[in-house]
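Asker: Would you mind keeping the following structure in view while I ask a few things?
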Amino acid sequence: MAERGVGRVRWYLLSLLFLLGAVSFLDRVNISVAGAALAEEYHLSQIQLGSVFSAFLIGYALFQTPGGWLADKLGPRYVLTIGAVWWGVFTALTASLSGQGAHALFSLVVIRLLLGTGEAIIYPASNRFVAQWVPTQERGLANGLIFAGVGAGTAVAPLFVTYLMVHYGWRSSFWASAVLGLVVGVIWYLAARDVPEAHAMVSPAELAYIQKFRSPGAAVETASPSGTQAPPRHRTRTEMVLNRSVLAVTLSYFCFGYVAWIFFSWFYIYLAKVRGLDLKTSAFYSTLPPIAIVICSLSGGALSDALTRAYGKRIGRCALACAALLSCAFILIVGSRVASPALASLVLSSGVGALYLAQSSYWSISADIGGTSAGFVSGFMNMGAQFGGALTAWLTPVLAQRFGWTASFLAAALLSAAGGIAWLLVRPEGHASPETQRHGH
């Protein structure tokens, strides 16, 4: 827990990262809500619309690792500011399209691909910020706050976009999202600094507290035979990404991303087309998953920190994440078979809530492993999640068309279970280098 009287500037800046995350998700999921109207105007099939969804995620996935490297080099202040401007431009371009058929499909794919490359920097850059600003014992809650922005943006999107669609047409929602991104980006640039040492509002007490507990080199410290800490050894990026724990977390996050993006891309359409709900009712029920994400991101982060302080990272990070993903798998199986649309919405929403109990574990572990290269390591990890999301954006409608929507949710349940099991391979203590893994420390 934080010491009393040390200051809270880091938490104010984390709140801005929450807002940036919310706006970025509004920018990316508004097309899911407006997708039916957009597809009708441009004469796109559901599978073609899935290609548009996938284009964003492919760009988002491919630029994760370069974006993380860029955040390590330039710092999160500049990278996130540039990113917010980029999001605004390409969100606005989505609303500026003209034409139909193949021309519209090609243009949408290119625009969404480029929007994805710009949005790829947000969470690696945020994790770089966490590695420099947040003591390790607070990282669960800090990441929970950042990723609560995912739920907030996704929760706002159905009501916000539906209102604008009804009154002003689907294009208006993209213009409004673009403006919001630009505003929050400017606020972030004015308020943030890359390190607490450079921020004039950080008190000496808060700075000393951050420096004492952030342990930026923890990932490269290894135990000597006497039990003391050996000097940190610089690791190449190849060593970092080939680290067994990094590979296991990345595999698990691939599974996480597959499940999460069913809700981001298809849940609204599922309620409207499969469960037979009207536009406004679908918008209401589609706010349930993001509300669950907000609640469970925050509570999962707080629980992870509490368990870590009491029992260590093996329980607080790994065991919690494993249990969360296994619980999600079970809930998805049950929810996909519920007859009532209202009850199905509640059950399936609780499934994505269970999933997001694990969210902060991924980013806390990757910050610990990465240290001063936290942007690069977490970008590599997040690349896995986005390839999972790209797969679900394409595969979900294919499975639904051939085997029914129950099969789509069953596939997600299997991957969620696999993601939970992958956490058993993660060694949060003493996993700093290949040498420590070989010697079992």
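The values are calculated or read from the model by the stated rules, or taken from the named source; none is laboratory data. Just so it is clear, the model here is predicted, and its values are computed rather than measured. Backbone-built Cβ (ideal geometry, glycine too); neighbour counts: all protein chains shown.
Asker: Please find, among Ala22, Ala102, Ala37, the residue that is at pLDDT 80 or above and more than 30 Å from Tyr209 (Cα to Cα).
Answerer: Only one candidate qualifies: Ala37.
Asker: If you don't mind, another one. Please find, among Gly389, Gly404, Gly379, Gly370, the residue that is of a type outside the set (A, V, I, L, M) and either more than 30 Å from Pro66 (Cβ to Cβ) or in contact with an Asp or Glu (Cβ under 8 Å, 6 or more places away or on another chain) (or both).
Answerer: Of the residues listed, the single one that is of a type outside the set (A, V, I, L, M) and either more than 30 Å from Pro66 (Cβ to Cβ) or in contact with an Asp or Glu (Cβ under 8 Å, 6 or more places away or on another chain) (or both) is Gly404.
Asker: When Ala339 is evaluated against the numbered criteria (1) at pLDDT 90 or above; (2) among the small types (Gly, Ala, Ser); (3) not in a helix (DSSP H, G or I), which criterion, by number, is the only one it fails?
Answerer: (1)
Asker: Tally up the residues in the range 341-369 that are farther than 19 Å from Ser304 by Cα and not polar (S, T, N, Q), please.
Answerer: 7
Matching residues to (1) in a helix (DSSP H, G or I); (2) under 27 Å from Gly185 (Cα atoms); (3) of a type outside the set (A, V, I, L, M):
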| position | (1), (2), (3) |
| --- | --- |
| Tyr12 | yes, yes, yes |
| Ser15 | yes, yes, yes |
| Leu19 | yes, yes, no |
| Ala22 | yes, yes, no |
| Ile31 | yes, yes, no |
| Leu44 | no, no, no |
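Asker: Scan the range 74-87 and give yes if some residue there is closer than 23 Å to Leu180 by Cα, out of contact with any Phe, Trp or Tyr (no Cβ under 9 Å at 6 or more places or on another chain) and at pLDDT below 90, otherwise no.
Answerer: yes
Asker: Additional query: Condition first: of a type in the set (S, T, N, Q) and surrounded by 24 or more Cβ atoms within 10 Å (Cβ to Cβ). Now tell me which residues in the range 133-154 satisfy that.
Answerer: Selection gives Asn143, Thr154.
Asker: Follow-up. Considering each of Ala302, Ala323 in turn, give the residue that is aliphatic (A, V, I, L, M), within 23 Å of the chain's Cα centre (by Cα) and either outside any helix (DSSP H, G or I) or closer than 20 Å to Ala418 by Cβ (or both).
Answerer: So the residue among Ala302, Ala323 that is aliphatic (A, V, I, L, M), within 23 Å of the chain's Cα centre (by Cα) and either outside any helix (DSSP H, G or I) or closer than 20 Å to Ala418 by Cβ (or both) is Ala323.
Asker: Name the residues in the range 49-73 that are more than 28 Å from Gln132 (Cβ to Cβ) and at pLDDT 85 or above, would you?
Answerer: Once the filter is applied, which keeps residues that are more than 28 Å from Gln132 (Cβ to Cβ) and at pLDDT 85 or above, the range 49-73 yields Val52, Ala55, Phe56.
Asker: Right, something else. Tell me the residue from Thr91, Thr81 that is over 24 Å from Ala260 (Cβ atoms) and hydroxyl-bearing (Ser, Thr, Tyr), please.
Answerer: Criteria check complete, one pass: Thr81.
Asker: Tell me, which residue of the range 65-74 that is closer than 23 Å to Gly384 by Cα and not acidic (Asp, Glu) is surrounded by the fewest Cβ atoms within 10 Å (Cβ to Cβ)?
Answerer: Lys73
Asker: Let me ask something else. Considering only residues of the range 282-299 that are assigned to a helix (DSSP H, G or I) and modelled with pLDDT under 85, which is surrounded by the fewest Cβ atoms within 10 Å (Cβ to Cβ)?
Answerer: Taking the candidates together, the pick is Phe284.
Asker: Of a type outside the set (Lys, Arg) and under 24 Å from Ala61 (Cβ atoms), is that true of Ala148?
Answerer: In short, yes.
Asker: If you don't mind, there's one more thing I want to ask. Would you mention how many residues in the range 410-439 are touching a Lys or Arg at 6+ places or on another chain (Cβ under 9 Å) and either modelled with pLDDT of 80 or more or surrounded by fewer than 23 Cβ atoms within 10 Å (Cβ to Cβ) (or both)?
Answerer: Qualifying residue count for the region: 12.
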